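Visitor: There's a structure below that I have some questions on.
The values are calculated or read from the model by the stated rules, or taken from the named source; none is laboratory data. Predicted, not measured: the structure shown is a model, and the values here were computed from it. All Cβ positions, even for glycine, are placed from backbone atoms using ideal geometry, and neighbour counts span all protein chains on display. Heavy atoms of the whole protein, side chains included, go into the accessibility calculation; ligands, DNA and RNA do not. Shrake-Rupley method; radii C 1.70, N 1.55, O 1.52, S 1.80 Å.
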Amino acid sequence: NAGVIQTPRHKVTGKGQEATLWCEPISGHSAVFWYRQTIVQGLEFLTYFRNQAPIDDSGMPKERFSAQMPNQSHSTLKIQSTQPQDSAVYLCASSVDWAEQYFGPGTRLTVL
Amino acid sequence: GDQVEQSPSALSLHEGTGSALRCNFTTTMRAVQWFQQNSRGSLINLFYLASGTKENGRLKSTFNSKESYSTLHIRDAQLEDSGTYFCAAANNNAPRFGAGTKLSVKP
């Protein structure tokens with residue numbers, strides 16, 4: 001069991017570019033969660049899927065951010081027109097149910 | 001408003017001593033999970049509780065859903081226990097995190 005896999009581990013983009021972050025949940029887990037961590041804001045919930053369906057995206061910024069889960073083996077978080085304030089560690093977690101979570105190592109996004 | 005209030009925000013312990021971390025919830029939660037975030041940033045699962053108490057080595061956690069709080073007790077602290085500890089709690093939605101307790105264990 002490789003655990004939750006996130007790629008890339010580090011990404012540097014220029015302001016205005018697009019960034020796509022990937023998450024592969026643990027096999028058999030039906031729920032996938034995305035969080036963002038910064039020193040100032042701490043761990044912020046972004047969105048989550050259950051059985052590939054979007055359930056709660058209340059934490060997603062209204063513009064530029066989108067998430068998909070096209071199949072049970074991966075989810076993507078896309079940020080269009082990245083801004084310096086988007087710099088953060090983006091964490092993906094998966095779970096068998098909606099509560100006990102297992103986290104990936106995160107993707108550190110730096111927007112210059 | 002904030003659903004998960006975690007305290008203290010920082011804690012310093014000498015090796016061999018112990019203390020308790022606490023999370024209070026402003027709404028009824030169905031389950032709580034505790035994590036340690038190490039120096040590399042990885043979130044390590046410590047406990048998941050829907051009720052009651054669990055113990056693992058020098059760590060013990062309790063979740064009282066009726067009174068809306070959870071605690072994490074650390075005894076005989078070791079240097080490798082240093083890091084940031086988070087609780088996360090869920091009702092019927094995705095778990096929300098507390099702000100974390102930064103623990104420093106000193107020789």
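Visitor: So if I check each of A:Leu109, A:Leu43, which one is within 11 Å of another protein chain (Cβ to nearest Cβ) and touching a strand residue (DSSP E or B) at 6+ places or on another chain (Cβ under 6 Å)?
Guide: Checking each option against the conditions leaves just A:Leu43.
Visitor: Let me ask something else. So is A:Thr47 over 21 Å from B:Val4 (Cβ atoms) and either within 12 Å of the chain's Cα centre (by Cα) or assigned to a strand (DSSP E or B) (or both) or not?
Guide: no
Visitor: Follow-up question, since we're still on this one. Only one of A:Ser81, A:Ser75 is at positive phi, in contact with an Asp or Glu (Cβ under 9 Å, 6 or more places away or on another chain) and open to solvent by less than 70 Å² (accessible area, probe 1.4 Å). Can you tell me which?
Guide: Residue meeting the stated conditions: A:Ser81.
Visitor: Does A:Ile5 satisfy the criteria of being open to solvent by 60 Å² or more (accessible area, probe 1.4 Å), within 28 Å of B:Tyr85 (Cβ to Cβ), in contact with a Phe, Trp or Tyr (Cβ under 9 Å, 6 or more places away or on another chain) and not polar (S, T, N, Q)?
Guide: Taking the combined requirement at face value, the residue satisfies it.
Visitor: Then there is this: So which residues in segment B:73-107 are away from every other protein chain (no Cβ under 14 Å), surrounded by fewer than 18 Cβ atoms within 10 Å (Cβ to Cβ) and more than 20 Å from B:Lys54 (Cβ to Cβ), if there are any at all?
Guide: Within segment B:73-107, B:Leu79, B:Glu80, B:Ser82, B:Ser104, B:Lys106, B:Pro107 meet the criteria.
Visitor: What's the number of the condition A:Ser75 fails, among (1) within 16 Å of B:Gly41 (Cβ to Cβ); (2) modelled with pLDDT of 95 or more?
Guide: (1)
Visitor: Determine, yes or no, whether A:Trp34 is modelled with pLDDT under 95 and not in a helix (DSSP H, G or I).
Guide: Judged against the criteria, A:Trp34 is not a match.
Visitor: Let me ask another. What are the residues in segment A:84-112 that are small (Gly, Ala, Ser) and either modelled with pLDDT of 95 or more or open to solvent by 40 Å² or more (accessible area, probe 1.4 Å) (or both), if any?
Guide: The answer is A:Ser87, A:Ala88, A:Ala93, A:Ser94, A:Gly104, A:Gly106.
Visitor: Determine the pairs where a residue that is crowded, with 20+ Cβ neighbours inside 10 Å, located within segment B:28-56, has a partner that is hydrophobic (A, V, I, L, M, F, W, C) and outside any strand (DSSP E or B) with Cβ atoms under 6 Å apart, the partner being 6 or more residues away or on another chain.
Guide: B:Ala31/A:Ala99; B:Ala31/B:Ala50
Visitor: Given the residues A:Ala67, A:Ala31, A:Ala53, A:Ala19, which is the only one that is buried (at least 17 other Cβ atoms within 10 Å of the Cβ) and over 23 Å from B:Phe35 (Cβ atoms)?
Guide: Only one candidate passes the filter, namely A:Ala19.
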